[in-house]
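Report on the structure given below.
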Amino acid sequence: MRILSVESSCDENSAAVLEDGRVLSLVTVTQQVHQQFGGVVPELAGRSHLELQDANVCAALRTAGCELPEIDLIAATSGPGLVGSLLVGHSFAQSLALASDIEFASVHHMEAHLWSVEIEREPIALPFLVFLASGGHTMLVVVSGFRNYEVIGSTKDDAMGEAFDKVGKLLGLGFPAGAAIDLLAQAGNREAISFPVALQNVTFDFSFSGLKTAVAYKLRDEPSWSGENSQPDLLASFQNAAMRSVLPKIERAAREYRVRAVCAAGGVAANSALRVGLTKIAQNLSIDVAVPAMKYCADNAAMVAYAAHKQVQAGLRAEHLPVRPRWPLAELRSPAAN
């Protein structure tokens, strides 16, 4: 089965073609219009999607070496995300499917991230644990099968990626700032500053607002830390505190739920310290570890198509769902649960 997919939930516009779960093409364009604002401006994001969507779909089809009549299913993200951005991609894909008499499927954005860890590798043994972290979401999910998810932890305030972006903004590192912070931190001393680690208790929930504020206060009270020579130590210490707040919880959850693999997904899954930490956890527990390839960490259409592929494999009928800017992962249910 060939699936054409569209992703437009935030500031990435993406299109992909998959055949039986194998990626034939992926075109992703990150909008540059938000750079001067240090964050995504919803109105500008929707307008940019309008400009990019058709060209990216055509490019994905061309790269895959196929034409629209050869597509069996068209899928698009229907939520969660920015409502204007979602409407552009979802409406485009749904109209294309209707006009071409092709089946259409709405896809949950976070479910797509969960299964992105399987793209370009063998299926992961069940159950597995996913630390799903991005600029808008941070959660810990036990995956026991398709549509069989248990969210055991989530952030109480800022998402992890959001904390990275806000710290990057304080230092003028651009947006998004995760990659720049990761690179600079690799050259720094992670013990240079003792930043707070929140929620060090039995909960699997997370909190990053205190850490972000601690960095802001450090820069306010000791401006020298913003200097070019001091930034690596500051950011290494910040990143170390962030990892100390998540990695012990991931290992404890992996032990408690007796999972067979630990995984990371979402934009933060590209972070090198997180990848090293997950690998150590997997070695400690003698279980598998899986993280997506870099191009599948940020929002992308390949993961949307792969989630639609998993839906077909599970025998679920493709659904035409309305756009939902707020759509908790916990609301997804397997056919047996329904």
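For the reader, a short list of remarks on this structure follows.
- Taking label points 7 Å from Cα along the Cα-to-Cβ direction, Val202 and Glu331 give a separation of 3.2 nm.
- When only alpha carbons are used to place a centre, region 184-202 and region 258-298 end up 19 Å from one another.
- Candidates Ala45, Ala242, Met1 compared by Cα position along the dipole of the chain: farthest toward the positive end lies Ala242, with charges placed on Cβ.
- When the alpha carbon gyration tensor of region 87-145 is reduced to an equivalent ellipsoid, the three semi-axes, largest first, read 29, 16, 9 Å.
- Interatomic Cα distance distribution for region 1-127, bins of 10 angstrom, percent: 13, 44, 33, 10, 1
- Footprinting exposure proxy for His34, His109 (fewest neighbouring C-beta atoms within 10 Å first): His34, His109
- Put in line by how crowded their Cβ is, counting other Cβ atoms within 10 Å and starting with the fewest, Ser95, Ser286, Ser25 read Ser286, Ser95, Ser25.
- Summing +1 for each Lys or Arg and -1 for each Asp or Glu among the other residues whose beta-carbon sits under 11 angstrom from that of Glu331 gives +3.
- On full extension, the segment bounded by Lys280 and Glu150 gains 44.4 nm, given 0.36 nm per residue less the C-alpha separation.
- To the nearest ten degrees, helix 42-64 and the longest principal axis of the Cα atoms of the chain are 60 degrees apart.
- Cα-centred dipole magnitude for the chain, charges only on beta-carbon of K, R (+1) and D, E (-1), debye, nearest 20: 880
- With N the number of residues in the chain, Rg(Cα) / (2.2 N^0.38 Å) evaluates to 0.99.
- Span per principal axis, largest first, for the Cα atoms of region 125-292 (Å): 49, 28, 27
- Charge dipole (Cα centre; +1 on Lys/Arg Cβ, -1 on Asp/Glu Cβ; no other charges) of region 125-292 amounts to roughly 400 debye.
- Peptide ranges 292-301, 50-59, 310-319 listed from the most packed, as the mean C-beta count within 10 angstrom indicates: 292-301, 50-59, 310-319
- Degrees separating the helix 231-256 axis from the principal Cα axis of the chain, which is the longest one: 60
- The Cβ shell under 15 Å around Tyr306 holds other residues with a net charge of -3, Lys and Arg each +1, Asp and Glu each -1.
- Considering only Ile152, Ala185, His90, the residue lying farthest towards the positive end of the dipole of the chain is Ile152, judged by Cα position with unit charges set on Cβ.
- Between the listed residues Ala125, Phe206, Phe175, the Cα displaced farthest toward the positive end of the dipole of region 125-292, a dipole computed from Cβ unit charges relative to the Cα centre, is found at Ala125.
- DSSP beta bridge pairing in region 125-292, given as percent antiparallel to the nearest 5: 60
- Computed from point charges on the beta carbon alone (+1 for Lys and Arg, -1 for Asp and Glu), the dipole magnitude for region 268-330 about its Cα centre is near 80 Debye.
- Share antiparallel - DSSP beta bridges, the chain, percent rounded to 5: 60
- With the simple model of a label 7 Å out from the Cα in the direction of the Cβ, Ser224 to Asp288 spans 5.1 nm.
- Relative contact order %, the chain, counting alpha carbon pairs below 8 Å whose residues are six or more apart: 24
- Listed from fewest to most Cβ neighbours within 10 Å, the set Ile3, Ile250 follows the order Ile250, Ile3.
- Label-point gap, in nm, between Ala187 and Ala216 - each point 7 angstrom along Cα→Cβ: 2.8
- Beta bridges per DSSP, both residues in region 1-144: antiparallel share near 65 percent.
Every number here is computed from the coordinates shown, using simple stated rules; none is lab data. Just so it is clear, the structure is predicted and the values come from calculations on it, not from any experiment. Note: ideal-geometry Cβ built from the backbone for every residue, glycine included; neighbour counts use all protein chains shown.
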